[in-house]
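Accompanying notes for the structure given below.
The values are calculated or read from the model by the stated rules, or taken from the named source; none is laboratory data. Because the structure is a prediction, the values reported are computed rather than measured. Note that we place each Cβ from the backbone using ideal geometry, even for glycine, and neighbour counts take in every protein chain shown. Keep in mind that these areas ignore ligands, DNA and RNA; they rest on the heavy atoms of the full protein, side chains included. Shrake-Rupley method; radii C 1.70, N 1.55, O 1.52, S 1.80 Å.
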Amino acid sequence: MTIPKITLIGVGLLGGSIGLAARQRGVAGQVTGLVRRAESVEECRAAGAVDDATLDLAEAVAGAELVILCTPVGGMKAMAEAIKPHLSPDAVVTDVGSVKASVMAEVMPVLPRFVGSHPMAGSEQTGVANARADLFENAVCAVTSTDQSDAACVARVNEFWTALGSRVISLSAAEHDTIVARTSHLPHVPASALVNAVLGRPREGEAAFLGTGFRDTTRLASGSPAMWRDIAMDNAPAIEQAIDDLQAELATLKTALNAREAAALQTFFAKGQEFRQQWITGLEDGERK
């Protein structure tokens, strides 16, 4: 597929990676990025993520057949309202937000040709300088729609993500949010909590003993606080339930520690090792197919 013009509303890590992939794969005839700062125009061009970048919203979306919202989920309704007067009648709009129910509920009434999507790809790094053309290859991309969604728009979004190398999975927004609360959102909670507990309450002599295990375990805590604030606000009930599940595991561990139950402690760590290895093996098997 080739889309004559794709507009990226926001050209950071995800937006930039979409631009790179779409240009390198010939998916887009032209990629235009809407940015907030004048210096970002040259940054986006230099990274190869866009053909052109602008601070002018109307110019950015004019004539675009596909518009992708790559902004924090908390601001997507306002952005949808802002771009609506300037969209072509046949323009399809999607997004990359990691929460779907709130975004669908807020954006679809404004833009009936909106289809929600969430590529399960990314990094704790931010900015177009960290964008990668291969970011979406073999990654799952959730596409969410409703009974009111335009079937042709849904098909267009599915086709687009497939063209970038992603594996599209269609599901409801509610199903999506429940799943990613456990698989994507929850991991950021212990990462940030661990940093706050150790680095936020430093004790003498600890700094010399912060090694690769601490660094690797807390990598996710480097993510954008504003982005994760919006995610936590919009998917709070599902994240709360996921935290309950995590706390139940920690309570089991604490009970075993308190009782000095060696067998229970070994079982706790053995289960973690076994479940993770099963998951890794499944990934490797999938890659070989």
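Positive end of the dipole of the range 26-140 (Cβ unit charges, origin at the Cα centre): among V115, A60, L34, the Cα lying farthest that way belongs to V115.
Size check on the range 10-141: the Cα extents along the three principal axes, sorted descending, read 35, 31, 26 Å. Packing around the peptides 145-155, 203-213, 129-139, taken as the average count of other Cβ atoms within 10 Å per residue, puts them in this order, highest first: 129-139, 145-155, 203-213. Here, the range 86-131 has an Rg and a Dmax of 13.1, 36 Å when only alpha carbons are counted. A 1.4 Å probe run over the range 1-130, with the rest of the protein chains in place, finds 38 Å² accessible per residue.
Relative to the longest principal axis of the Cα atoms of the chain, the long axis of helix 262-288 makes an angle of roughly 30 degrees. Normalised by the number of residues in the chain, the average gap of Cα pairs under 8 Å and 6 or more apart makes the relative contact order 16 percent. Positive end of the dipole of the range 67-210 (Cβ unit charges, origin at the Cα centre): among V189, S172, Q125, the Cα lying farthest that way belongs to V189. Evaluated with a Cβ-only charge set (Lys, Arg +1; Asp, Glu -1), the chain carries a dipole of roughly 420 debye about its Cα centre, given to the nearest 20. Among the lysines of the chain, pairs at least eight places apart or on separate chains and with Cα atoms under 29 Å apart come to 7.
For the range 100-245, dividing the convex hull volume of the Cα atoms by the residue count gives 140 Å³ per residue.
Expressed per residue, the C-alpha convex hull volume of the chain stands at 157 Å³.
Listed values for the range 220-232 are Karplus-derived 3J(HN,Hα) couplings in whole Hz (6.51 cos²θ - 1.76 cosθ + 1.60, θ = phi - 60°), namely 5, 5, 7, x, 4, x, 5, 5, 6, 4, 5, 4, 5, and x replaces Gly and Pro. For the range 151-192, the extents of the C-alpha atoms along the principal axes are 40, 22, 12 Å, listed from largest to smallest. Taken along the Cα-to-beta-carbon direction at a fixed 7 Å, the label points for R219 and M233 span 2.9 nm. Each Lys and Arg Cβ is given +1 and each Asp and Glu Cβ -1; about its Cα centre, the range 35-170 then shows a dipole of about 320 debye. Start at zero, step by 5 Å, and the Cα-Cα distances of the range 221-265 spread as 5, 19, 15, 14, 15, 10, 10, 8, 2 percent across the bins. Under a 5 Å amide H cut-off, with hydrogens placed 1.01 Å from N, A142 pairs with H118, M120, I169 among residues at least 5 apart or on other chains.
For the chain, the share of DSSP beta bridges that are antiparallel, to the nearest 5, is 15%. Its Cα centre serving as origin, the range 1-109 has a Cβ charge dipole (Lys and Arg +1, Asp and Glu -1) of approximately 260 debye. Please report the carbon-and-sulfur percent of the accessible area for the chain; probe 1.4 Å, protein heavy atoms only, DNA, RNA and ligands left out. Ligands and nucleic acids excluded, carbon and sulfur give 54 percent.
Whole-Hz Karplus values for the range 152-161 come out as 5, 5, 4, 4, 5, 5, 4, 5, 5, 5 Hz, taken residue by residue from phi with 6.51 cos²θ - 1.76 cosθ + 1.60 and θ = phi - 60°; glycine and proline positions read x.
For the listed peptides 216-229, 80-93, a ranking on the average number of other beta carbons within 10 Å per residue, highest first, reads 80-93, 216-229. A cut-off under 15 angstrom between Cβ atoms defines the neighbours of F136, and their net charge, with Lys, Arg +1 and Asp, Glu -1, is 0.
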